[in-house]
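Asks: Dropping the structure in here first, questions after.
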Amino acid sequence: MQKTSEHNKKLFEEIANLTTEQRNPRSMDIDARSTAEILKIINDDDKTVAFAVEKELPYIEKAVEVIVKSLKSGGRLLYFGAGTSGRIGVVDASECPPTFGTPFGMIEGYIAGGKAAMFRAQEGAEDYEENGAKDVMEAGVNEKDVVCGIAASRRTPYVVGAVKKAKELGATTLYITTNPRENFDIKEVDIAMCPYVGPEVIMGSTRMKSGTAQKLVCNMLTTASMVRMGKTYGNMMIDLQMTNKKLVERSKRIVMTVTGVSYEEAADFLTKAGGHVKTALVMILAKVSVEEAMERLAKADGFVRGAIGK
């Protein structure tokens, strides 16, 4: 009993010392404010998040480089998180196939408590390192993969366990936390990204500024990696999957915007290209057949600019 009490007290002190668990002096009397004032307080604090992320750009750059190297070598990017952090990783991963045409499984998100935790909190699932280690093992993590832990507090046992196990298995490890870099204590991690957003408007509610910062970093990791892998032409998505009516029409608009062809011509070229926007673009811009367009793309490592000789 005494041992349990000592453990709980140690956990209490550990959490109490986290910057994300401190009281924000700018919102001390938020419960006495009008709705307009409450929103102003939240908005003013939110404005600081992008600047916190900006300070971490050198580390995010390093992370993008290792992700690109991994994905090009047949590896995967796997996020592991709990609660809000876990949901952010799952959402970022799930949006990559329709947006960038990535194969399912190339980028995946894991959340403590499994799929059920996406819709209803499974709070106890995050309390054990072995749960994270188990999910890493079941995911078949190996030396080709990049594993990214996401935890505002940096101490979430599920995430710590996942990252430790991934490191043991030879994977490259990343970590996203919103506590200061100098407080980072997971020495096994290869690259830490630590946008320090300070105390939340509501003490400990890390779904707010911390969640926003984590989402911004995840956006950067996957978007920059996809750009570096030839998934865009200029600032347009050109490797999207035409899996719904909106994406079918977006594909036509991209082809029309890049090449200047008509709506009907864009539809025709996309049909000939099997719905592959990149191939349709190369066919039109280089004036080649579908077969040659595909060959050029393969030689250019998937980059349209290279395939058309620009």
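The values are calculated or read from the model by the stated rules, or taken from the named source; none is laboratory data. Because the structure is a prediction, the values reported are computed rather than measured. Counting neighbours? That spans all protein chains shown, and the Cβs are built from the backbone with ideal geometry, glycine included.
Asks: Considering only residues of the range 181-226 that are assigned to a helix (DSSP H, G or I) and of a type in the set (Ser, Thr, Tyr), which is nearest to ALA151 (Cα to Cα)?
Replies: First, the residues of the range 181-226 that are assigned to a helix (DSSP H, G or I): 181-183, 209-226.
If we keep only those that are of a type in the set (Ser, Thr, Tyr) too, we end up with 210, 212, 222-223, 225.
Details: SER210: 9, THR212: 12, THR222: 18, THR223: 21, SER225: 22 Å.
The residue in question is SER210.
Asks: Here is a follow-up. Residues that are out of contact with any Lys or Arg (no Cβ under 7 Å at 6 or more places or on another chain), of a type outside the set (Ser, Thr, Tyr), assigned to a loop (DSSP other than H, G, I, E, B) and closer than 30 Å to ARG33 by Cα: does the range 170-178 have at least one?
Replies: Looking through the range 170-178, none of the residues is out of contact with any Lys or Arg (no Cβ under 7 Å at 6 or more places or on another chain), of a type outside the set (Ser, Thr, Tyr), assigned to a loop (DSSP other than H, G, I, E, B) and closer than 30 Å to ARG33 by Cα.
Asks: In addition: Quick check: anything in the range 227-235 at negative phi and assigned to a helix (DSSP H, G or I)? So that I can check it myself, show each step before the final result.
Replies: We begin by selecting, within the range 227-235, every residue at negative phi; these are 227-229, 231-233, 235.
Keeping just the survivors that are assigned to a helix (DSSP H, G or I) gives 227-228.
Yes: the range 227-235 contains one or more residues that are at negative phi and assigned to a helix (DSSP H, G or I).
Asks: So, one more: Taking the criterion of being of a type in the set (Ser, Thr, Tyr) and more than 16 Å from the chain's Cα centre (by Cα), would at least one residue in the range 220-227 satisfy it?
Replies: No, every residue in the range 220-227 fails to be of a type in the set (Ser, Thr, Tyr) and more than 16 Å from the chain's Cα centre (by Cα).
Matching residues to (1) among the hydrophobic types (A, V, I, L, M, F, W, C); (2) farther than 26 Å from VAL68 by Cβ; (3) surrounded by fewer than 17 Cβ atoms within 10 Å (Cβ to Cβ):
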residue: MET242; (1), (2), (3): yes, no, no
residue: ILE254; (1), (2), (3): yes, no, no
residue: PHE269; (1), (2), (3): yes, yes, no
residue: LYS272; (1), (2), (3): no, yes, yes
residue: VAL277; (1), (2), (3): yes, no, no
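Asks: Which one is nearest to ALA280 (Cα to Cα) among residues in the range 235-249 that are touching a helix residue (DSSP H, G or I) at 6+ places or on another chain (Cβ under 7 Å) and of a type in the set (A, V, I, L, M, F, W, C)?
Replies: It comes out as ILE238.
Asks: Right, here's the next one. I'm checking my understanding of the structure. Among residues of the range 109-145 that are among the hydrophobic types (A, V, I, L, M, F, W, C) and either on the phi > 0 side of the Ramachandran plot or not in a loop (DSSP other than H, G, I, E, B) (or both), which one is surrounded by the most Cβ atoms within 10 Å (Cβ to Cβ)? Walk me through it before giving the result.
Replies: First, the residues of the range 109-145 that are among the hydrophobic types (A, V, I, L, M, F, W, C): 111-112, 116-119, 121, 125, 133, 136-137, 139, 141.
Among the residues that remain, those that are also either on the phi > 0 side of the Ramachandran plot or not in a loop (DSSP other than H, G, I, E, B) (or both) are: 111, 116-118, 125, 133, 136-137.
Values: ILE111: 27, ALA116: 11, ALA117: 21, MET118: 16, ALA125: 20, ALA133: 20, VAL136: 25, MET137: 13.
Restricting to residues being among the hydrophobic types (A, V, I, L, M, F, W, C) and either on the phi > 0 side of the Ramachandran plot or not in a loop (DSSP other than H, G, I, E, B) (or both), the top hit is ILE111.
Asks: Now for a different question. Restricting to the range 110-167, give me the number of residues that are within 21 Å of THR19 (Cβ to Cβ) and of a type in the set (Lys, Arg).
Replies: Residues meeting the conditions: 2.
Asks: For the range 70-92, which residues satisfy the criterion of being touching a Ser or Thr at 6+ places or on another chain (Cβ under 8 Å) and either outside the structural domain of VAL146 (by TED's automatic domain parsing) or of a type in the set (A, V, I, L, M, F, W, C) (or both)?
Replies: Scanning the range 70-92 gives LEU71, LEU77, ALA82.
Asks: Here's another thing I want to ask about it. Please work out which one of (1) within 18 Å of VAL49 (Cβ to Cβ); (2) surrounded by fewer than 19 Cβ atoms within 10 Å (Cβ to Cβ); (3) of a type in the set (A, V, I, L, M, F, W, C) is the condition MET229 fails and give its number.
Replies: Unmet condition: (1).
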